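Everything on this sheet refers to the single structure shown next.
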Amino acid sequence: MTGAVTVGIAQWLAKCGDPERNLDDALRLIADLVQRGADLIVLPELWPCGYHPATVAGDARTAAEPLDGPRGLALAEAARSHGVWLFAGTVPESSADRIYNTAVCYRPDGRLAGAHRKVHLYTPLGEHDVFAAGERATVIEVDGIGTVGLSTCFDGDHPAYARSLHDAGARVVIAPCAYETATESWWDILYPANALANGQWWIMANQCGGDLLGKSRIIAPDGTVLAQASRVGDTDDADLVVATVDLAAGIRAAERAAGALWS
């Protein structure tokens, strides 16, 4: 793992049932983050279709595409043209007559670096009636960083999932979310605890608006929140977080202070 990385997070409320507008918004926000110096960009969960429990089934079906469909090609081109690592949130992926909630990552040359199908579907909001579940935790290799874990929203609420990423070598976790206000205490308690207990950076992009919390954030391996976007109700606009972080130094410091927790 090398030195500093400039992380950019895009937080906004995607419009339910309007995948074309949502893609336009995503591409514009990616460009804005690049203008602000980001070289690793993270988008939230299910931005192509929006996230409202009452309509997400139909919205996801409308927006579902194979990963190599038109949306995937547009995201790949955005990564290539800007020369960034693009963790493009999650998308409704159509595959073999099923729809998955799939996190995707593109290399700076536009190639798909990896995809993670959400394992832990949030049954209180009926996600299991919409999506098929993934089967395993996912890690990818990122130039200059090393092994990076992918975690989608409710996946990360499970301490065993965070530990499985740790055991697979991930000291950085990218977490696209559509986290609701009703579980704000979970957001504030579980994720700093995950970071501390596993010596991991958690980089979290959340949707914001309506019942969706916002508070996208970067959490250091000692559990400290180093940067955070607005909370729902504070603004109606998209919020961009850009922060330069020394990932390796944060992990070394956490290992000295709390490495006993990782064994």
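Go ahead and set up a Gaussian network model of the chain, Cα springs under 10 Å, then flag whichever of 156, 72, 126 fluctuates most.
In the Gaussian network model the winner is 126.
Over segment 105-239, average the accessible area per residue using a 1.4 Å probe and give it in Å², no decimals. Walk me through the intermediate numbers first.
Numbers: 5010 Å² over 135 residues.
The answer is 37 Å² per residue.
Using DSSP, restrict attention to beta bridges with both residues in the chain and report what percent are antiparallel, rounded to the nearest 5. Before the final figure, lay out each step's value.
Working: 36 of 54 bridges.
Given both bridge residues lie in the chain, the antiparallel proportion sits at roughly 65 percent.
Rg and Dmax of segment 121-263 over Cα atoms: what are they, in angstrom?
Both quantities, over Cα of segment 121-263: 15.0, 45 Å.
Can you give me the % of accessible surface on segment 4-150 that is carbon or sulfur? Probe 1.4 Å, all protein chains present, nothing else counted. Walk me through the numbers on the way to the answer.
Working: 2810 of 5960 Å².
Percent of accessible area from carbon and sulfur atoms in segment 4-150: 47.
Given R₀ = 45 Å, FRET efficiency for residue 36-residue 133 by Cβ-Cβ distance, to 0.05?
Once the sixth-power term is evaluated, E becomes 0.80.
Cα-based Rg of segment 84-185 per 2.2 N^0.38 Å, rounded to two decimals?
Details: Rg = 13.6 Å, N = 102, 2.2 N^0.38 = 12.8 Å.
My calculation over the Cα atoms of segment 84-185 gives 1.07.
Three principal axis extents, largest first, for the C-alpha atoms of segment 1-109, in Å?
43, 27, 23
Pulled fully out, how much extra length does the chain show between residue 226 and residue 109, if you take 0.36 nm times their separation in residues and subtract their Cα-Cα distance?
Numbers: separation 117, 0.36 × 117 = 42.12 nm, distance 2.93 nm.
So the chain would gain 39.2 nm between residue 226 and residue 109.
Select from segment 85-159 those GluC sites (Glu not before Pro) which occupy a DSSP coil region and have at most 12 other Cβ atoms within 10 Å, ordered by residue number. Each step should come with its number before you reach the end.
Numbers: sites: 93, 127, 135, 141; in loops: 135.
Here the sparse-neighbourhood loop sites are 135.
Above 27 Å lies some portion of the pair distances; for the chain, what is it as a whole percent of all C-alpha pairs? Please report the intermediate quantities before stating the final value.
On the way: 9893 of 34453 pairs.
When every Cα pair of the chain is considered, 29 percent fall beyond 27 Å.
Express in nm, to one decimal, how much length is gained between residue 236 and residue 68 on full extension, taking 0.36 nm for each residue of separation and deducting their alpha carbon distance. If you can, show how the numbers build up before the last one.
Details: separation 168, 0.36 × 168 = 60.48 nm, distance 3.26 nm.
That pair, residue 236 and residue 68, stretches by 57.2 nm at full extension.
Rounded to the nearest 10 Å², what accessible area does residue 145 show when all protein chains are kept and the probe is 1.4 Å?
Answer for residue 145: close to 10 Å² accessible.
Once you list every other residue whose beta carbon is under 12 Å from the beta carbon of residue 95, what net charge do they have if Lys and Arg are +1 and Asp and Glu are -1?
Every neighbour counted, the sum reads -2.
How do the peptides 200-209, 53-62, 6-15 rank, highest first, by the average count of neighbouring beta carbon atoms within 10 Å per residue?
On the way: 200-209: 26.6, 53-62: 17.0, 6-15: 24.8.
Descending mean neighbour count gives 200-209, 6-15, 53-62.
For segment 76-141 and segment 3-46, compute the distance between their C-alpha centroids and round to whole Å.
About 15 Å separates the Cα centre of segment 76-141 from the one of segment 3-46.
Cysteines of the chain lacking any other cysteine beta carbon under 4.7 Å?
16, 49, 105, 208
Roughly speaking, what is the stretch gain from residue 4 to residue 95, that is 0.36 nm per residue apart minus the C-alpha to C-alpha distance, in nm to one decimal? Please list the in-between numbers first.
Details: separation 91, 0.36 × 91 = 32.76 nm, distance 3.73 nm.
Extra length available between residue 4 and residue 95 comes to 29.0 nm.
Residue 107: net charge of surrounding residues, Cβ under 13 Å, Lys/Arg +1, Asp/Glu -1, itself excluded?
On the way: positive: 80, 111; negative: 39, 77, 109, 141, 143.
So the surrounding residues net to -3.
Would you kindly find the accessible area of residue 224, with a 1.4 Å probe and non-protein molecules such as ligands, DNA and RNA excluded, rounding to the nearest 10 Å²?
Residue 224 exposes around 60 Å² with every protein chain in place.
Run the numbers on the chain and let me know its relative contact order in percent, using alpha-carbon pairs under 8 Å that are six or more apart. Write out the running numbers ahead of the final one.
Numbers: 642 pairs, mean separation 54.9, N = 263.
So the answer I get is 21 percent.
Provide the per-residue ³J(HN,Hα) series for segment 177-185, in order, calculated from phi with Karplus coefficients 6.51, -1.76, 1.60 and θ = phi - 60°, each as a whole number of Hz, with x at glycine and proline positions.
Couplings: 9, 10, 8, 8, 5, 4, 10, 4, 5 Hz.
Could you work out the helix-only [θ] at 222 nm for the chain, with each DSSP H run of four or more residues adding -39,500 (n - 2.57) and the total divided by the number of residues, to the nearest 500 deg cm²/dmol? Mind dumping the intermediate values first?
On the way: 6 runs with 74 residues, N = 263.
About -9000 deg cm²/dmol.
Using a 10 angstrom cutoff on alpha carbons, build the Gaussian network for the chain and name the most mobile of 226, 196, 165.
With Cα springs under 10 Å in the chain, the top fluctuation among 226, 196, 165 is at 226.
Build a GNM of the chain with springs between Cα atoms under 10 Å: which of 214, 89, 37 gets the top mean-square fluctuation?
Top of the fluctuation ranking is 37.
The values are calculated or read from the model by the stated rules, or taken from the named source; none is laboratory data. Computed from a predicted model, the values in this text were never measured in an experiment. When we count neighbours, we look across all protein chains shown, and the Cβ atoms used for this are built from the backbone with ideal geometry, even at glycine. Calculation scope for accessible area: heavy atoms of the full protein, side chains included, ligands and nucleic acids excluded. Shrake-Rupley method; radii C 1.70, N 1.55, O 1.52, S 1.80 Å.
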